[in-house]
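Step one of this worksheet: look at the structure below.
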Amino acid sequence: MVHSHNTSAQLFTALAAPAGTTLVTTEHNTDNRRRHLRLLRPLDIRLYRRYKAIACCSEAVASSLLNYLGPEFADRTSVIENGIDLSTYSAAASGTPAASNETDILMVAAFRPQKDHLTALRALPLLPSETTLSFAGEGSTRPQIEAEVRRLGLEKRVRFLGPVSNVAERLQAAGIALLSTHYEGLSLSSIEAMASGTPLVASDVSGVREVCGGAALLFPEGDAEALAAILADLLKDPALRRQTADRCRKRAARFDIRTTTQAYLDLYTRLLQAPEIVR
């Protein structure tokens with residue numbers, strides 16, 4: 001049995017696996033570039049036919065994949081939600097509390113076009129001058145965002161943290177967690193933010209909306225003014241911050257990595273017992 005993730009691995013696994021190998025793949029996102037190239041759809045259909053089981057990390061991902069591939073793949077497609085190690089956040093919370101900065105907004109996301117750092121950045125000038133914005137992560141769009149920071153004259157209010165290893169502590173020390181994104185499969189950074197007990201503000205898009213389940217505060221995708229209005233409400237209202245943080249922490253408990261692990265073990269077991277196609 002071979003289990004692949006993401007496009008390159010899916011392709012080379014399908015090409016290289018010997019006959020008789022049971023192939024499993026996980027689909028992680030609601031969209032990708034190749035789905036917009038009509039000539040690639042027949043090739044994708046042949047690729048996915050090599051897989052006995054396709055695990056999607058959310059209902060939104062499963063729906064978008066089946067809309068793309070067609071109903072032929074429904075019998076081999078299932079939903080297994082991603083999870084995180086919730087104990088990491090419990091351990092961080094039980095340790096020495098970090099000095100909280102209630103006016104700091106933290107966004108943990110790789111710098112790439114999908115994550116839409118620009119909307120987050122353009123909301124900042126609409127907030128009180130003491131508000132700061134911290135970006136954790138690296139990627140190809142960082143130079144563009146740095147240039148926009150200089151253009152807007154926000155050098156003293158924006159911090160680029162680069163890759164960070166202590167995500168739980170960083171989130172718990174922030175006043176507000178933010179995810180401005182165009183689309184997601186199932187947003188692990190949203191789960192991490194909610195588990196940290198920090199109020200989360202995020203884009204109202206598939207893969208985020210489903211994860212947050214009404215716990216976080218959502219804004220229309222790409223709308224910097226709407227984002228700024230929600231952030232301003234949180235910054236000036238400690239009670240709203242506490243209520244949002246409490247909802248987020250309770251919601252995050254659903255996404256325990258142990259649940260994800262058991263679901264995959266169950267899938268492997270069913271495949272080994274009946275390797276033709278697994279629901």
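Numbers at a glance
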quantity: Accessible surface of the chain [probe 1.4 Å, protein heavy atoms]: carbon and sulfur percent; calculated: 53
quantity: Dipole in debye (nearest 20) - region 113-197, about Cα centre, beta carbon charges: Lys, Arg +1; Asp, Glu -1; calculated: 260
quantity: Computed over region 39-176, Cα set: Rg, Dmax in Å; calculated: 20.3, 56
quantity: Amide H within-cut-off set for Glu221, under 5 Å, with H built and near neighbours excluded; calculated: Asp204
quantity: Partner lysines for Lys115 [C-alpha distance under 26 Å; skip if fewer than 8 residues away on the same chain]; calculated: Lys156, Lys250
quantity: Long-range tail of P(r) for region 99-217 (Cα pairs > 16 Å, %); calculated: 57
quantity: Per-residue ³J(HN,Hα) for region 249-255, Karplus 6.51 cos²θ - 1.76 cosθ + 1.60, θ = phi - 60°, Hz, x for Gly and Pro; calculated: 4, 5, 5, 4, 4, 5, 9
quantity: Where Lys115, Lys156, Lys250, Lys52 fall by accessible area, highest first, once all protein chains stay in place (1.4 Å); calculated: Lys156, Lys250, Lys52, Lys115
quantity: Counting all C-alpha pairs of the chain, share separated by more than 27 Å (%); calculated: 44
quantity: Listed residues Gly197, Val167, Thr141: farthest to the positive end of the dipole of region 138-220 (Cβ charges); calculated: Thr141
quantity: Test item: Cα-centred dipole of region 198-279, Lys/Arg +1 and Asp/Glu -1 on Cβ, debye; calculated: 480
quantity: Sequence-distant residues sharing a close amide H with Cys56 (under 5 Å, placed H); calculated: Glu27, Ser78, Val79, Ile80
quantity: Cα-centre dipole for the chain with unit charges at Cβ (Lys and Arg positive, Asp and Glu negative), debye to 20; calculated: 560
quantity: Farthest positive-ward along the chain dipole, Cα basis, beta-carbon charges - from Leu11, Leu186, Cys57; calculated: Leu11
quantity: Quarter of Cα convex hull surface for region 222-265, i.e. mean projection, nm²; calculated: 4.5
quantity: Anchor Lys236: aspartates and glutamates whose Cα lies under 17 Å away (excluding residues fewer than 8 positions away in-chain); calculated: Glu102, Asp104, Glu130, Glu225
quantity: Percent antiparallel among DSSP beta bridges (both partners in the chain, rounded to 5); calculated: 0
quantity: Orientation-averaged projected area, Cα convex hull of region 1-97 (nm²); calculated: 8.2
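The values are calculated or read from the model by the stated rules, or taken from the named source; none is laboratory data. Quantities reported herein were computed from a predicted structural model and do not represent experimental measurements. With ideal geometry, Cβ positions are generated from the backbone for all residues, glycine too; neighbour counts draw on all protein chains shown. Heavy atoms of the whole protein, side chains included, go into the accessibility calculation; ligands, DNA and RNA do not. Shrake-Rupley method; radii C 1.70, N 1.55, O 1.52, S 1.80 Å.
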